[in-house]
Structures are given as C-alpha cells and as structure tokens.
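Remarks on the structure that follows.
The values are calculated or read from the model by the stated rules, or taken from the named source; none is laboratory data. Keep in mind it's a predicted model, so treat the numbers as computed, not measured. All Cβ positions, glycine included, derive from the backbone under ideal geometry; neighbour counts span all protein chains shown. Quick note on the areas: whole protein, heavy atoms, side chains included, nothing else; ligands and nucleic acids left out. Shrake-Rupley method; radii C 1.70, N 1.55, O 1.52, S 1.80 Å.
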Amino acid sequence: CDLEGVEHLKAARAAGRGVVSPAAHLGNWELQAIASVPHVGAIAAVARPLDNPALDARLVALRTSTGNSVIYKQKALAQVLRTIREGGIVAIVIDQNVQEKDGIFVRFFDRPACSTTVAAAVALKTGCAIVPVRCTLRANGRYRMVYGPPVEWTGVGRRDEDVAGLTQHLATIVEGWIRETPEQWLWLHRRWKTQPREGAPR
C-alpha cells in the first residue's frame, strides 16, 4: 500500500480535533481502514450489520482486527459524536441510496440521488476536520490510499442549507473519484432507486 495525505489526519488529531472521513465503495475500502491503524490510529466505521449474523460476526472480526471499531447505524449518532469529541476518526460511506425520509437529494452524475446527510451534519455540528478517504488499485498491483486534502467549508449560517450544500459538495468529490476509476466502483444496489415524488421540487 502507498499512503498519501496521512499528515492531514495527524494534523487534525494533533490539534485536538476529531475527524469525519467520507468514503465510498471504491477500490478496497475495507483494506484501507484495516491497514491504516499503524499510521493514523484507530478508526470507527459506521456500518449496517449484515443480514446473516454469522457472516456479520466474521466481518466485524476482520474490521476490528487491527484495533478499529464498528458503529452500527441504528442509534449511531451518540457514539459518532462521542468519538469525534474525543478526537477520534469516524469513517462514513456516503455513496449509497437512502430513503427520502433519511436523506436529501443531491446531483450525482447529473441525476437526483437520495443521500445521507450524516457526514455533513456531524462535521457542521462539531467543527471537526473533514478528510475524505479512498483506496484504489493501481496497475502495478499496489493500493493507493489517499487521505484528504481536508474539505474547507464556509456555510451561510442556516443549518438546513449548510447541511445540504456540504452534502452536495461531498457527493461531487465522490463522483470525481469514480470518474477517475469507474471500474473500481463497487455498489451493486440501485444508487438512484429513490427519486423525487412527482411534482416535487428538485
């Protein structure tokens, strides 16, 4: 693995700031979290438990094998905020469809895509650093793990507008990654499944 931008995470932690790391199902996101611990410290990953409990137990064992932790989505907010306020790193994948009641619509590949607002909302609430992370496979067989650069965001002071704007900005970053290596985007569910209701403003 070749690591780039580790200094961004280290700088945030040295300043006593927590970090939210938006990520995507791109390349080998699982390996990035596992292999990063010696360089950046433990990472808390927000995830949905697998439907098969036995498989979920094996996956959690893999994810925590180097010191990381898993925060299940159900009732995750309190744990996420606590981790951030303690100066920790929380990774959240943001490239999946959510139901309309759980997210907002952003433009993603020029189509409306219902997206989670958790990463943006947590960052705006806590003032933590936002360091996007990705891990893609190079032609030589080595993985390129990239951290940052940190996302700088100045809102307008109205929460809903700021959360929406930052969520869109993060979605645009992920879209840029996918355009670079579209063959490595592994999201087999229907990303654009949830669509605006007929007659709703877009």
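Listed by position, the helices (runs of 4 or more DSSP H) inside segment 1-108 whose residues that are basic (K, R) and over 19 Å from I130 (Cβ atoms) number at least 1 are 53-63.
Within segment 138-177, the residues that satisfy the criterion of being closer than 22 Å to I34 by Cα and surrounded by 14 or more Cβ atoms within 10 Å (Cβ to Cβ) are Y143, R144, M145, V146, Y147, G148, P150, V174, W177.
Here is a yes/no grid of residues against (1) polar (S, T, N, Q); (2) in contact with a Lys or Arg (Cβ under 8 Å, 6 or more places away or on another chain):
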{"site": "D56", "(1), (2)": "no, no"}
{"site": "G67", "(1), (2)": "no, no"}
{"site": "N97", "(1), (2)": "yes, yes"}
{"site": "L124", "(1), (2)": "no, yes"}
{"site": "V131", "(1), (2)": "no, no"}
{"site": "E152", "(1), (2)": "no, no"}
{"site": "V163", "(1), (2)": "no, no"}
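Figure legend. Inter-residue proximity from segment 7-34: first residues closer than 14 Å to I89 by Cβ, second residues open to solvent by 30 Å² or more (accessible area, probe 1.4 Å) and aromatic (F, W, Y), beta-carbon distance below 9 Å, spacing 6+ or different chains. Indicated pairs: A23/W29; Q32/Y143. Taking the residues in segment 29-80 that are within 16 Å of the chain's Cα centre (by Cα) and among the charged types (D, E, K, R) as candidates, determine which candidate is nearest to T116 (Cα to Cα). By that ranking, first place goes to K73.
What pairs can you find where one residue is in segment 129-145 and within 16 Å of L9 (Cβ to Cβ) and in contact (Cβ under 8 Å) with a residue 60 or more places away in the chain, the other is open to solvent by less than 10 Å² (accessible area, probe 1.4 Å) and among the hydroxyl-bearing types (S, T, Y), and their Cβ atoms are less than 7 Å apart, with a gap of 6+ or different chains? Within 7 Å, the pairs are V131/S21; V131/Y147; P132/S21; V133/S21; V133/Y147; M145/S36. When R85 is tested against the conditions (1) surrounded by 16 or more Cβ atoms within 10 Å (Cβ to Cβ); (2) in contact with a Cys (Cβ under 9 Å, 6 or more places away or on another chain); (3) at pLDDT below 95, the lone failure is (1).
Residue-wise test of (1) more than 21 Å from G165 (Cβ to Cβ); (2) at pLDDT 95 or above; (3) open to solvent by 70 Å² or more (accessible area, probe 1.4 Å).
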| site | (1), (2), (3) |
| --- | --- |
| A57 | yes, yes, no |
| A61 | yes, yes, no |
| Y72 | yes, no, yes |
| F109 | no, yes, no |
| A119 | no, yes, no |
| G127 | no, no, no |
